[in-house]
Every structure is written in structure tokens, then in C-alpha cells.
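**Student:** After the C-alpha cells below, expect a handful of questions from me.
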Amino acid sequence: MRYGEPVAVVAVTHASTAALAGFLSSLREATTEPLDVVIAHLGPPDTSDGVAVIGPGVRVIEAGDVGYGRAANLGVRDTTAEFVVISDPDVTWEPGSLDRLLAASDRWPQGAAFGPLIRTRQGTVYPSARAVPSLKNGIGHALWGRWWPGNPWTSAYRQGRGQPAERTTGWLADTCLLLRRDAFDTVGGFESENLVYLEDLDLGERFTKAGWHNVYVPSAAVVATGRQNGAADRARLAADRHRSVWTYVSRRYAGWRWWPVRVVLRGGLTVRSAVAKRRRPRRASEAN
């Protein structure tokens, strides 16, 4: 444990600055270590009361019209701490939870990312520690995950069965993550251009390829309220999400031998995107 050494916290905000007061209040109860807090704000400068309530000692970076990954990278670059938390502001920390993540980093010296157990407002456990999807599991989850949540492909991908236990995993949801700074810098941070909503999957996969571990730490827990997407944004968000998935799978299954697979995947994503535009608004945590 690094007693007395600062822990950096980067909260990426957009339309959720009103949640900052609760986020910061619970954060102070989550650790005994000093904190270096950066708010990386997306979009136009916030003129609401959300940023005003953060108080002294918290820096605000106006990231402008960039994606989540680039905003997070800007926030991390504004810090020098050995460990950095990247989190949505719609998170409430349970007391001592950040200290438990830091303790896990001592147990896992090759750990690059450490993710807490994430509960929804309703008290259910969100499957935030997942496998990197195989072609079979990815297609099965995409086809059946919403209508048949217990299907074998979704279960293999989400790894949600059984009692939560500390373990390594393929990737961790970036709703709330503790990152080892030198590992994050080694892999170049988040993909900042093309992988909207898949930045965390891509980061976890690159950590593994570089010899690091993604570690699920359910002894640490947070509650994520999630953000609601309005109907006016639904078409744009669905298009962005499926464009990002296509970028990811076309990279993974590149080359002429995979051309038939890419054709099928492209068609399936087009249909899924069209269906998604007509659904009810979804929380960000439901996207995958």
C-alpha cells in the first residue's frame, strides 16, 4: 500500500455534471490516500451548477467536442500519480472501496487495470468483468443477448455466473477503473478515434497482449446510476455504436480469407442498428 501518495482521479463528464457532488463526496470516503482530481468535460463549457459544486483543489479540463477515450487521455496526461482512476461521475463509491482496489494492486504486480463490482440503482450486479468475445460468442450475444439473457454465448462472454471472485479477466468496463499509470502509458492509453463505446474492450485486450492483467476486485464496490439517452439522440448513438463495432471486428478479422465473415457481420450490424434506433432509450451500461 502506498500510504500518503496521491491517487489521481479522472472523471469524464458530459451531461452528468449534476452527479459530481455525490461522486466526490463518496470518493473521499473510499480512500485514506490523498487525491488529485481532474474533471475532463466533454462538449461545450458547462455553465450549470454541476461544475460549481466541485469545490477547491479539483481541476477542470474543457476537452471540447472529442470522444470519451480522448477526454480520458487528456485527463490522465494532466496527472503524475502512479495510479489513476478513470470513472463516470454517475458513480457512488462504497466506503473503503478505492483502498481495496489499491490493495489488490499489491497482490497483482502485473495488474494494469483493476475493476470493482458495479451495482445498478436496483441493486443488481452489472457484468463488468468480461471475456474478449470470440466470433461465436460475439455473434450469439448480438443475436440473442437482449431476448434470451441466459443463452450460452452471452453467459460465456459476460462471465456473470457464480459468486463474484477476485480474478483476471479479458477486459473491464470503464465505468470505474483503477489503472497502473506505467501500463497505461506503455500501451498508449485509450484508442481515441474510432472505438466509441468499445474503448474499454480495446484497452483490456491491448493490456493482455502487452503481458499485463485485467483484475476484477469484487471486494471493492460502486453503484452506477447510468445515463439515459433521449429519443432525439437514439439514432445517432445507435449508429455510432454499430460503426464502432464494425471497426473493431473488421480489424480483428482482416484479410481476404475473412471476407465472407465480414460480409455477414456487416449485414448483421446494419440490421441490428436499424432495430436499435426504434427501441426505448437505453442506459449507457446496457450498450454491450
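**Student:** Taking H placed 1.01 Å from N in the peptide plane, check which residues at least 5 places from residue 81 or on another chain put their amide H under 5 Å from its amide H.
**Tutor:** 8
**Student:** Please turn the phi angles of region 120-132 into ³J(HN,Hα) values with the Karplus equation 6.51 cos²θ - 1.76 cosθ + 1.60 (θ = phi - 60°), one per residue in order, whole Hz, x for glycine and proline.
**Tutor:** Whole-Hz 3J(HN,Hα) from phi for region 120-132: 7, 4, 7, x, 7, 8, 7, x, 8, 10, 10, 7, 5.
**Student:** What ranking, highest mean first, results for peptides 70-79, 207-216, 119-128 when packing means the other Cβ atoms within 10 Å averaged over each residue?
**Tutor:** Going by the mean number of other Cβ atoms within 10 Å, highest first, we get 70-79, 207-216, 119-128.
**Student:** Additional query: In terms of modelled amide H atoms, which long-range or inter-chain residues lie less than 5 Å from the amide H of residue 119?
**Tutor:** Amide H to amide H, under 5 Å and 5 or more residues apart or across chains, residue 119 pairs with 126, 222, 223, 224.
We did not get these values from a lab; they are worked out from the coordinates using the rules stated. If you're wondering where the values come from, they're calculated on a predicted model, not measured in any experiment. Heads up, the Cβs are rebuilt from the backbone with ideal geometry, glycines too, and the neighbour counts pull from every protein chain shown.
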